Amino acid sequence: MENRIKTVLLLAGMTAFLILMGRLLGGRSGMYIAFILALAMNFFSYWFSDKIVLKMYGAQEVTPADAPQLHQIVNELAHEAGIPMPRVYIIPDDSPNAFATGRNPEHAAVAATQGILRLLTPTELKGVLAHEIGHVRNRDILISTIAATMAGAIMILADMARFGAIFGGSRDDNEGGGIIGVLVMSIIAPIAAMLIQMAISRSREYLADETGAHLAHNPESLARALEKLSLGVQRAPMDASPSTAHMFIVNPLTGSSLMNLFSTHPPIEERVARLRAMRSY
């Protein structure tokens, strides 16, 4: 419940920030134009992101005959969550990881790498897949798309503001400050939007961990899996796109501590501690 409330508050904060930015930098008409443009850009992503990301990583759909254990676990968890059985994919990559995608539970897919299938025990794998089914049940693709739309609108407004300030453009109302204030705000706004978007992503990861622990009836299985995956991706990092890194259960990218500060994933240690503080179900 805490993470659900946090997500709502963060989305509300981003909405208020978008309205403020629109009035300050682009006026009412500027805000509407930016929002419509961002909505149009993310509409395609919402409807086709599952096909794009699965193709990007060479994921191959598998049948129960191809991967009986994987199918059985996903089927059991989907039944437990009360959602339709997602399509099941295997990614030909040695880096241990997994993700779920799809705009709603009726159009969902779960993908696991060959590396994760080799690394984890069946119990640990169930914990990971329960986390991914949690994302599907919680409709996190929809929520992340809404956040991306608002963040995109804020960034468009910031670009409009910089362009207008440099070339002497004017807005359709008299609200707001001078050119210096507009330029400062146009720099701060995209950073603030990015930070809010990352906070939303982190809160959804915590919620998926919690949901997964309930579905698998075993928080410890996911905790052990996360510890193994954290070491596994360091030993065998994935050639992943930063734009899709947030989809994976653990960050597939390796980087410096500064980059980890801006990660869409919460620290593994914190996730493991929260899971181990839960009781078994």
Result of the Cβ filter at 9 Å on region 1-12, keeping first residues that are exposed (fewer than 13 other Cβ atoms within 10 Å of the Cβ) and partners that are at pLDDT 75 or above and among the aliphatic types (A, V, I, L, M), at least 6 apart or interchain, is Glu2/Leu207
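Among the residues of region 83-136 satisfying the criterion of being of a type in the set (Ser, Thr, Tyr) and over 18 Å from Ala236 (Cα atoms), which is surrounded by the fewest Cβ atoms within 10 Å (Cβ to Cβ)?
If we filter region 83-136 for residues that are of a type in the set (Ser, Thr, Tyr), which is where we start, we get 89, 95, 101, 113, 121, 123.
Still in the running and over 18 Å from Ala236 (Cα atoms): 89, 101, 121, 123.
Values: Tyr89: 22, Thr101: 26, Thr121: 12, Thr123: 15.
Looking at the filtered set, the residue picked out is Thr121.
Would you call Ala216 small (Gly, Ala, Ser), under 19 Å from Ala273 (Cα atoms) and over 16 Å from the mean Cα position of the chain (by Cα)?
On the way: small (Gly, Ala, Ser): yes; under 19 Å from Ala273 (Cα atoms): yes; over 16 Å from the mean Cα position of the chain (by Cα): yes.
In short, yes.
Here is a yes/no grid of residues against (1) in contact with a His (Cβ under 9 Å, 6 or more places away or on another chain); (2) more than 26 Å from Phe99 (Cβ to Cβ); (3) modelled with pLDDT under 75:
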residue: Ile133; (1), (2), (3): no, no, no
residue: Arg137; (1), (2), (3): no, no, no
residue: Ala151; (1), (2), (3): no, no, yes
residue: Met160; (1), (2), (3): no, yes, yes
residue: Arg171; (1), (2), (3): no, yes, yes
residue: Ile191; (1), (2), (3): no, yes, no
residue: Ile200; (1), (2), (3): no, no, no
Determine whether Ile133 is touching a Pro at 6+ places or on another chain (Cβ under 6 Å) and either touching a residue at least 12 places away in the same chain (Cβ under 8 Å) or of a type outside the set (A, V, I, L, M) (or both).
-> no
Would you say Ile187 is within 30 Å of Val74 (Cα to Cα) and either in a helix (DSSP H, G or I) or at pLDDT below 65 (or both)?
-> no
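Confirm whether Val53 is among the β-branched types (Val, Ile, Thr), buried (at least 17 other Cβ atoms within 10 Å of the Cβ) and at pLDDT 70 or above. Reasoning before the result, please.
On the way: among the β-branched types (Val, Ile, Thr): yes; buried (at least 17 other Cβ atoms within 10 Å of the Cβ): yes; at pLDDT 70 or above: yes.
So Val53 fits the description; yes.
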Just to be sure, is Gly232 at pLDDT 95 or above, under 22 Å from Ile141 (Cα atoms) and of a type outside the set (Ser, Thr, Tyr)?
-> no
Does region 79-87 contain at least one residue that is at pLDDT 95 or above, part of a helix (DSSP H, G or I) and hydrophobic (A, V, I, L, M, F, W, C)?
-> yes
Tell me which residues, restricted to region 190-231, are crowded, with 22+ Cβ neighbours inside 10 Å and not in a helix (DSSP H, G or I).
-> none
Scan region 241-281 for residues that are modelled with pLDDT of 85 or more and part of a loop (DSSP other than H, G, I, E, B) and jot them down.
-> Ile249, Val250, Asn251, Pro252, His265, Pro266, Pro267, Ala277, Met278
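The values are calculated or read from the model by the stated rules, or taken from the named source; none is laboratory data. Quick caveat, the model's predicted, so the values are computed rather than measured. So basically every Cβ, Gly included, is an ideal-geometry build from the backbone, and we count neighbours across all protein chains shown.
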